[in-house]
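Visitor: Quick one: structure below, then a few questions.
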Amino acid sequence: MTPYVADPVYLNGQFLPLAEAGVSPLDRGFLYGDGVYEVIPVYSRRAFRIDEHLSRLQATLAGIKLANPLAADGWKEVIFQLIAAAPWDDQSIYLQVTRGADNKRDHAFPPATVPPTAFAFASPLLTTPADVRAKGVAAISVPDLRWSRCDLKVISLLANVLARQQAVEAGCAEALLIRDGWLKEGAASNIFVVKNGVLLAPPKTHLMLPGITYDVILELAAQHGQQLEVREISETELRAADEVWMTSSTKEILAITTLDGAPVGNGQPGPCGEQMWQWYQDFKNTIMRKG
């Protein structure tokens with residue numbers, strides 16, 4: 001066990017210590033990044049929207065023509081056992097499926113007799129510290145150089161990794177991906193914009209990963225009467241925004257207060273983001289933690 005991965009982990013039908021878990025170097029996840037993943041937040045040992053996460057896992061597997069090694073109930077048994085064994089009440093459950101290990105390296109799919117590799121583990125769910133949230137964070141914008149199936153949650157994340165590293169080297173928390181003049185998402189987050197009190201959200205297309213936290217924010221906006229437009233957001237609108245947020249299960253709602261060295265709005269977290277964060281906390285404490 002490390003401070004970030006609990007024992008046991010799950011690998012191909014077995015629960016075992018992380019130090020004893022091994023995958024063939026011929027595994028196609030290692031050779032090609034040929035696989036998918038899913039991340040499920042857990043609050044007070046209750047997996048949040050487990051059915052929706054497993055549906056997204058299935059949709060991504062179908063998108064790359066890879067058979068699911070477990071039925072939904074099988075995955076739930078794995079997830080519940082990992083949750084019970086981990087030392088943290090709030091967790092992040094990571095699932096990964098690759099196309100398995102053939103006896104050679106060949107771009108074409110291996111024979112159907114080659115089983116997929118299924119791996120899962122629990123980590124602590126670490127959210128943004130209060131002092132960081134109070135100030136907001138800096139971000140940069142970068143060209144979106146990824147492939148055109150960004151809606152699939154695949155493990156071949158090199159373009160996202162390079163964008164995020166560019167942000168880190170600039171002393172920033174996130175890189176905002178711009179494609180043909182339109183905002184898509186962050187390297188590891190969804191992005192929302194506020195202008196004149198209206199919340200703007202990029203639409204779900206094949207060029208954006210559909211986040212579960214993204215769905216929650218749209219639901220909360222509708223529930224509380226927050227004016228909302230789901231539509232394409234131009235780079236010009238992004239740079240003229242009153243507020244910009246990055247969102248994910250770990251970041252929750254985190255204000256971006258500087259973009260490419262220029263202040264967003266007045267350079268401080270804005271009222272719409274603060275209100276959404278409070279709605280989100282109320283939802284987390286009354287719904288997410290109750291199952």
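The values are calculated or read from the model by the stated rules, or taken from the named source; none is laboratory data. Only a predicted model underlies this, so the values are computations on that prediction, with no experimental measurement involved. With ideal geometry, Cβ positions are generated from the backbone for all residues, glycine too; neighbour counts draw on all protein chains shown. Each accessible area value is taken on the protein alone, full model and side chains, heavy atoms only, with ligands, DNA and RNA left out. Shrake-Rupley method; radii C 1.70, N 1.55, O 1.52, S 1.80 Å.
Visitor: What tally of residues in the stretch 245-264 results from selecting those that are closer than 14 Å to Ala167 by Cβ and not acidic (Asp, Glu)?
Guide: Of the residues in that region, 7 qualify.
Visitor: Related question: Within the stretch 1-30, can you find the residues that are loosely packed, with under 15 Cβ neighbours inside 10 Å and of a type outside the set (A, V, I, L, M)?
Guide: Thr2, Pro3, Tyr4, Asn12, Gly13, Gln14, Pro17, Glu20, Gly22, Ser24, Pro25
Visitor: So which pairs qualify, if the first residue must be in the stretch 276-291 and farther than 10 Å from His224 by Cβ, the second must be open to solvent by less than 70 Å² (accessible area, probe 1.4 Å) and of a type in the set (Gly, Ala, Ser), the Cβ gap must be under 6 Å, and the two must be at least 6 apart or on different chains?
Guide: Arg289/Ser44
Visitor: Out of the stretch 129-145, which residues are of a type in the set (D, E, K, R) and open to solvent by 30 Å² or more (accessible area, probe 1.4 Å)?
Guide: As a first pass, look at the stretch 129-145 and keep what is of a type in the set (D, E, K, R): 131, 133, 135, 144.
Those that are of a type in the set (D, E, K, R) and open to solvent by 30 Å² or more (accessible area, probe 1.4 Å): Asp131, Arg133, Lys135.
Visitor: List pairs: first in the stretch 51-80 and touching a residue at least 40 places away in the same chain (Cβ under 8 Å) and farther than 18 Å from Thr117 by Cβ, second open to solvent by less than 70 Å² (accessible area, probe 1.4 Å) and part of a helix (DSSP H, G or I), Cβ under 8 Å, 6+ apart or cross-chain?
Guide: These pairs meet every condition: Glu52/Ile212; Glu52/Asp215; His53/Ile212; Arg56/Ile212.
Visitor: Another question about this same structure. What residue, among those in the stretch 154-186 that are open to solvent by less than 20 Å² (accessible area, probe 1.4 Å) and in contact with a Leu (Cβ under 7 Å, 6 or more places away or on another chain), is farthest from Tyr214 (Cα to Cα)?
Guide: Going through the qualifying residues, I end up with Ala163.
Visitor: On the given criteria, is Arg99 out of contact with any His (no Cβ under 7 Å at 6 or more places or on another chain), open to solvent by 40 Å² or more (accessible area, probe 1.4 Å) and among the basic types (Lys, Arg)? So that I can check it myself, show each step before the final result.
Guide: Working: out of contact with any His (no Cβ under 7 Å at 6 or more places or on another chain): yes; open to solvent by 40 Å² or more (accessible area, probe 1.4 Å): no; among the basic types (Lys, Arg): yes.
The answer is no for Arg99.
Visitor: Collect the residues in the stretch 31-80 that are basic (Lys, Arg) and either farther than 23 Å from Arg149 by Cβ or surrounded by fewer than 19 Cβ atoms within 10 Å (Cβ to Cβ) (or both), keeping them in residue-number order.
Guide: If we filter the stretch 31-80 for residues that are basic (Lys, Arg), which is where we start, we get 45-46, 49, 56, 65, 76.
Result: Arg45, Arg46, Arg49, Lys65, Lys76.
Visitor: Between Asp51, Asp144, which is among the acidic types (Asp, Glu) and closer than 21 Å to Met288 by Cβ? Talk me through it step by step, then tell me what you get.
Guide: Working: Asp144 fails: closer than 21 Å to Met288 by Cβ.
Unique residue meeting the criteria: Asp51.
Visitor: Please pick out the residue among Thr113, Thr117 that is closer than 20 Å to Leu11 by Cβ and open to solvent by 40 Å² or more (accessible area, probe 1.4 Å).
Guide: Numbers: Thr117 fails: open to solvent by 40 Å² or more (accessible area, probe 1.4 Å).
Just one listed residue meets the conditions, Thr113.
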